[in-house]
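Here the structure is laid out as structure tokens; the discussion comes afterwards.
A short reminder: the numbers here are calculations on the coordinates, not readings from a lab. Every value quoted in this text rests on a predicted model; they were computed, and no experiment measured them. Cβ placement follows ideal geometry from the backbone for every residue including glycine, while neighbour counts extend to all protein chains displayed.
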Amino acid sequence: MNRNNLPASPAATDEAAWAEIARHWSFAPGVTFLNHGSFGAPPAEVLAARQQLLSQLAQDPVDFMQRFLHPAMVQVRARLGPFLGADPDRLVFVENATVGMNAVACSVPLAPGDEVLLTDHEYGAVSRIWQRACARAGAKMTIAQLSIPATTADEWVEAIFAAVTKRTRLIVISHISSPTALRLPVEQICRAARVQGIPVCIDGPHALVSVPLDLDALDWDYYTASCHKWLLAPVGAGFLYVHPRAQPGIRSAIESWGVTWGQPPSWRDEFNWTGTRDPTSILAIPAAIDFLERIGVEAFRLRSHYLAQQARELITAWTGLAPLSPDDTAWYASMAALPLPPGVGPPLQDALWRRHRIEVPIFEWQGQRLVRVSCQMYTSPSDLERLLEALKSLLATSEFRSIG
């Protein structure tokens, strides 16, 4: 694939330009891929960049790991930092957001009776991490209930701080929720938390690239994200952002050598070497940024939201069920989670794959069955129409309960 064959900043409705961009992915024949939000899917040139690094690693592993790796990692931080609006010295690389969240959970001091506050929109793995951290310390994990359908950001902020007590030691929130695909008002939450002196940890895999980020501008303590989703890096690339006030207390969840790479000691030392691992996905991050910037990050945002909006309109018009939020970019970006008629969830997801070769997740959340549609550069309106027809076909059968 010619890496220069990329239309620059195409309009959201320019189907010919986006079809040309879509040629940089190679999905299996017949597959309609509407699940970028789970594991991502890098374009061909990013995979090629990683493969080149793997070949270099294989040619002399010692030279790669002991001489090449550290300066290369410094260069990647120097490239990623400005892309995120972050001082590179506030970033450390981890394999994924879960590894970053575990590091925070190992580092935040908790005592018996302390509380960690999450919302009922959090990713299941994040909830499990903090359940274990609280159980280990004799602390308590509390859950703020956020109303659905969402109405105003102020209502959600009030609900979160209504659950804050004098024992709250940390607020953990998604930037964009995994099950509901909704944007949380993290800016307002962080401002209010700082007034009360409460640290905030943001789980940000779905916000990275999908919405503008300026990590240094907001007064949060921790931000963790996976780069293999919307940043288009290969699986195994993520970062943890740590504010300087929190850096003295942060530590890796994995104990290893604490490599300084011959530099003065820093808070990143324990993260530099967590045992032998494949660093090539992290080193391929600049190739992913190059790809995004040649097309135009804002063009991607406009296109993906335009498609998510189409998915929302198609499915809600058919089901007659109210969407989870107002139709506004303040509430959703590149994904839309849409209510389906009551019924079983995972078997429906499996049937969409087995019978129609459509990859899309079906969630059971708060008593609702949701389909979450991810829209990436390779997505087309015909993909959304194919999903709608498949849902109509399956839900018309007694196996999955008709809406009729």
- Residues whose modelled amide H sits under 5 Å from the amide H of MET141, counting only those 5 or more places away in sequence or on another chain, are VAL116
- Item | Considering only the chain, percent of DSSP beta bridges that pair antiparallel, nearest 5 | 55 percent
- Message: So if I take the centroid of the Cα atoms in region 257-282 and the same for region 183-235, what is the distance between those two points in Å?
- Response: 24 Å
- Mean Kyte-Doolittle of at least -0.5 plus a Cα span of 18 Å or more along the axis: flag which DSSP H helices in the chain meet both, please. 44-59, 69-84, 124-137, 297-319, 381-395
- Message: I want to verify a result. In a Gaussian network model of the chain, Cα cutoff 10 Å, which of these has the top mean-square fluctuation: GLY81, GLY275, GLY258?
- Response: GLY275
- Report the residue, chosen from LEU394, LEU34, LEU370, that carries the largest GNM mean-square fluctuation when the chain is represented by alpha-carbon nodes joined by springs under 10 Å. LEU394
- Taking the chain and counting helices only, DSSP H stretches of n ≥ 4 at -39,500 (n - 2.57) each over all residues, the nearest-500 ellipticity at 222 nm comes to -12000 deg cm²/dmol
- Message: Cut-off under 20 Å on the C-alpha distance; same-chain residues fewer than 8 positions from LYS140 excluded. Which aspartates and glutamates are left, in chain and number order?
- Response: ASP114, GLU115, ASP120, GLU122, ASP203
- Largest fluctuation, GLY320, GLY238, GLY37 only, Gaussian network model of the chain with Cα springs under 10 angstrom, belongs to GLY320
- Antiparallel bridge percentage (DSSP; both residues within region 49-290; nearest 5): 40 percent
- Query: How much FRET efficiency would the formula 1/(1 + (r/R0)^6) give for ASP328 and VAL74, where r is the Cβ-Cβ distance and R0 is 45 Å, rounded to 0.05?
  - Reply: 0.70
- Task: Rounding to the nearest 20 debye, state how big the charge dipole of the chain is about its Cα centre with +1 on each Lys and Arg Cβ and -1 on each Asp and Glu Cβ.
- Result: 660 debye
- Using alpha carbon centers only, region 54-108 is separated from region 313-354 by a whole-angstrom value of 36 Å
